[in-house]
Amino acid sequence: MGRPATAMMATFLFGSLAMAGALFGALPAGSARADTTGEGDRVERATQVLDRFLADPNGHGLRETMKRARAVLVVPNYVRAGFVIGGTGGGGVMLLRRQDGGWNGPAFFDTVAGTLGPQVGIYRSELVMLFMTERSVNRALQGSMQFGADASVAAGPLGAGERGPFADIYTYIRPVGAYAGISVSTGAVEPDRGENELFYGRGASARAILVEGRYNTESGQRLRQILAQY
């Protein structure tokens, strides 16, 4: 049986980061991974990122589209690195809308993508992904969901009343520092089982956290409160 898609692509991503560091100087401590300071810190940073996105005066499209989303994945530190061929990825947290309109989570997920084109260096962004269909949510919960093959991905609508092309997943990206256009069109998303169990305890699967709602702890309360407005 082959390695999961995110594992293979992560190998490429971190290899690209190492190459970029060798070519352009040593990386700052912690740059080679999206999350190095603990799961609780990732939840806090995801809360801050989502708050900024939704408070943006130009975020009409995101706020309107959020009302139709089945799940939300927030990646506070989405890193791209490469030399001509680049790797992109980061650790994030996902929340799932319940039938009663409330939200469960957060659960920890990993994202990895590959990009092609003239690109040199390291770029960071904040990423919000809106899962609009049951199919996309189910594939993400089952394991490694590949963009394009398992779910269609498109840039999210921006203006008020704008719908944009149909897609299973809409993405919204905000640059942090230097930026040279990051797109999310190929790659994968999968639950981070190790981080989920480390944070919540043994047996805390993404399905138990998001679908069964067994781990709606105080740590994710602020995220759930923000999303409850939509």
- Query: Local charge sum around G220 (other residues, Cβ-Cβ under 12 Å, Lys/Arg +1, Asp/Glu -1)?
  - Reply: 0
- Message: Taking 0.36 nm per residue of sequence separation and subtracting the Cα-Cα distance, how much length would be gained by fully extending the chain between N138 and F166, in nm to one decimal?
- Response: 8.3 nm
- Message: What does the extension gain come out to for Q146 and E218, with contour length at 0.36 nm per residue minus their alpha carbon separation?
- Response: 22.8 nm
- Applying 1/(1 + (r/R0)^6) with R0 = 41 Å to the Cβ-Cβ distance of R207 and N58, what FRET efficiency is obtained, to the nearest 0.05? 0.70
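Every number in this text was worked out from the coordinates using simple rules, so none of it is lab data. What you see is a predicted model, and the numbers here were worked out from it, not measured in a lab. With ideal geometry, Cβ positions are generated from the backbone for all residues, glycine too; neighbour counts draw on all protein chains shown.
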